[in-house]
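Quick note: the coordinates plus some simple rules give every number you see, no bench work behind them. Everything numeric here is computed off the predicted structure, so don't read it as measured data. Here the Cβ positions follow ideal geometry from the backbone for every residue, glycine too, while neighbour counts run over all protein chains shown.
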Amino acid sequence: MSEHVPMTAASLLVNGAIFSQTDLDADADPDLHPAVVEFFRRLPPAQREPFMGHCAETALISDQLWGLDQRSGSGRPTTLDEAMGHFAGSALVARKIRPEGDPEHGRPAEPCRSCAALLARLGVATVDR
């Protein structure tokens, strides 16, 4: 388990399919989609987390955007505006991962400020069930 941030696991329901991910290694640079990198670069300081870009939510969104890039065949990255339709009606749930015996293990996890802004931008609903 990472010492840098509490761990979470998240699942994204998009277009009838469920995708899951855990937080990314805090000691490595995440392979984020260019649209996500640009979105985070433009976030005001009040919405930036020190671990921004390493969350499960960010990994899930980036994975979807990379997939859209492959399917488009245009050779250029998909923009967040272009991806809005893909995420229409989507929902995300996140859970805390804690050591055995920790009462917080498996409890709902709220997205961090940075991820909350990204999810809101794309219209992804967060649920806590």
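Among [x] 1.09; [y] 1.04; [z] 1.17, which one is Cα Rg over 2.2 N^0.38 Å computed from these coordinates? So the structure-derived entry is [y]. Here the sum of -39500 (n - 2.57) over DSSP H runs of 4 or more residues, divided by the residues of the chain, equals -10500 deg cm²/dmol at 222 nm, to the nearest 500. Scanning the chain for GluC sites (Glu not before Pro) that sit in a DSSP loop and have at most 15 other Cβ atoms within 10 Å, the longest stretch containing none of them is 4-99.
Extension gain D25-A9, at 0.36 nm per residue separation less the Cα-Cα distance, in nm?
Working: separation 16, 0.36 × 16 = 5.76 nm, distance 1.28 nm.
Computed gain between D25 and A9 is 4.5 nm.
Please figure out what share of the DSSP beta bridges in the chain is antiparallel and state it in percent, rounded to the nearest 5.
80
Which residue fluctuates the most in the chain, going by a Gaussian network model with Cα springs under 10 Å, if the choices are A88, A109, A59? Maximum fluctuation in the GNM of the chain, among the listed residues, is at A88. Spin-label model, D63 to D81: label points 7 Å out along the Cα-to-beta-carbon direction sit 2.9 nm apart.
Sort H54, H86 so that the residue with the fewest other Cβ atoms within 10 Å of its own Cβ comes first and the one with the most comes last. Please report the intermediate quantities before stating the final value.
Working: H54 24, H86 16.
The fewest-first ordering by Cβ neighbours comes to H86, H54.
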